[in-house]
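Undergrad: Next up is a structure, given as structure tokens.
The values are calculated or read from the model by the stated rules, or taken from the named source; none is laboratory data. Model, not experiment: these values are computed from the prediction. So basically every Cβ, Gly included, is an ideal-geometry build from the backbone, and we count neighbours across all protein chains shown. Remember, those area values only see protein heavy atoms, side chains included, never the ligands or the DNA or RNA. Shrake-Rupley method; radii C 1.70, N 1.55, O 1.52, S 1.80 Å.
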Amino acid sequence: MTIKPTGLDRLILALNAIFLTCAVLVVVVPLIYIVIASFMDPTVLLNQGLSFNVSDWSLDGYQMILSNPAMIRGFANAVLYSVSFAFVTVAVSICAGYALSEERLAGRGFFMVLFIITMFFGGGLIPTYLLVRNLGMLDTIWAIIIPGAVNVWNIILSRTFFKGVPRELKEAANVDGASDMKIFFQIVIPLSKPIIFVLALYAFVGQWNSYFDAMIYLDNPNLHPLQLVLRSILIQNQAAPGMISDQLAMAELKRLSEMIKYSAIVISSLPLIIMYPFFQKYFEKGVMVGSLK
């Protein structure tokens, strides 16, 4: 028997459709604007706005960025840092989360309290910098990976996920003589793909978009990631009022800045847009960890 929707039901569905449409437009319209603006001549964009006339389009912004050797090096560094950081933080999170999910672990409540305290209290920037310097990690990849490798929120998510793994599987493996390590790597890990991929995506995106740590800890330009290189390029093509007396030079500098800005945004966002569809099938399961059933 089919239940016909009432007038109130239809009103709620219509309001939901309107709200979701507005939410999609808020996300999609700026994205379309940035993509189109990255192909346009900056002079036309500044004077007329967006134009769908192909004669007003230009690839000069992409050519300027991709012809810069620092961009290629920064892209490679960003991939290395992001992949390495994702691997380390996921490994730490799932190992700690699995241990804290086991009731046999002595003092797990005490360890959990220590982890949670670090979510509210930290040493601050200067003590952290001094610690990194004293450990000899300045100007190395470890200054980017190690300080943020332990993410308490990820550990809590992992712990919640592992608590949902059927205990019968581990008990059956114990009866067959499997050790804890064998149970973890051959039974628990294969069942944990959703949480592993979600944590990896979070870590990769966070590190990919980060530039502050690299700006603080890396003095060698050859080690700078993509975001820091893009920041340097944009700053170099901007001038404060009064620095340039020639109006033509100021206008050309503004034109170059606009040309580079949108192209840089597209280039830096492209890897994340390409990567997300491959993680999507695991994303919904992973982000629902800890929700009510």
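Undergrad: Give, as a single signed number, the net charge of other residues whose beta carbon lies under 14 Å from the beta carbon of Y62, with Lys and Arg counted +1 and Asp and Glu -1.
TA: -2
Undergrad: Here is a further query. With point charges of +1 on the Cβ of Lys and Arg and -1 on the Cβ of Asp and Glu, referenced to the Cα centre of the chain, which listed residue (V27, I141, S67) lies farthest in the positive direction of the dipole?
TA: It is V27.
Undergrad: Sticking with this structure for a sec: Once both axes come from the Cα atoms, what is the angle between helix 193-208 and the longest principal axis of the chain, in degrees from 0 to 90, rounded to 10?
TA: Helix 193-208 sits at roughly 30 degrees to that axis.
Undergrad: Put +1 on the Cβ of every Lys and Arg and -1 on every Asp and Glu Cβ in the chain; which of I260, G107, A172 then has its Cα farthest towards the positive end of the dipole?
TA: The listed residue farthest towards the positive side: A172.
Undergrad: Here is a follow-up. What's the whole-number percent of alpha carbon pairs in region 1-87 lying beyond 16 angstrom? List each step's numbers first, then the result.
TA: On the way: 2745 of 3741 pairs.
So the portion of pairs separated by more than 16 Å is 73 percent.
Undergrad: Heavy-atom accessible area per residue, the chain, 1.4 Å probe: how many Å²?
TA: Accessible area per residue, the chain: 62 Å².
Undergrad: Turning to a different aspect of this structure: If you place +1 on the Cβ of every Lys and Arg and -1 on the Cβ of every Asp and Glu, how big does the dipole about the Cα centre of the chain come out, in debye to the nearest 20?
TA: 840 debye
Undergrad: Still on this model: Would you grab the residues whose amide H sits under 5 Å from the one on M40? Only those 5+ places off in sequence or on another chain, please, with H modelled 1.01 Å from N.
TA: Residues meeting the criterion, in which the H sits 1.01 Å from N, are S58.
Undergrad: If R0 is 25 Å, what FRET efficiency do you get for I117 and T160 from their C-beta distance, rounded to 0.05?
TA: Calculated transfer efficiency: 0.85.
Undergrad: Here is a further query. Arrange the peptides 140-146, 3-9, 99-105 so that the one whose residues have, on average, the most other Cβ atoms within 10 Å appears first.
TA: 140-146, 99-105, 3-9
Undergrad: When Lys and Arg each count +1 and Asp and Glu each count -1, what net charge do the other residues less than 13 Å away from L100, Cβ to Cβ, add up to?
TA: +2
Undergrad: What's the FRET efficiency of L272 with S55 using the Cβ-Cβ distance as r and R₀ = 25 Å, to the nearest 0.05?
TA: Efficiency, rounded to the nearest 0.05: 0.20.
Undergrad: So for region 116-177, considering every pair of alpha-carbon atoms, how many percent are separated by more than 14 Å?
TA: Result: 71 percent of Cα pairs exceed 14 Å.
Undergrad: Running Debye on region 1-145 with equal point scatterers at the Cα sites and no solvent, what base-10 log of I(q)/I(0) appears at q = 0.11, 0.12, 0.21 Å⁻¹?
TA: Cα-only, vacuum Debye calculation for region 1-145: -0.92, -0.96, -1.28.
Undergrad: Run the count for the chain, please: Lys pairs, Cα-Cα under 19 angstrom, 8 or more apart or on different chains.
TA: Taking the chain as the scope, the lysine pair count is 10.
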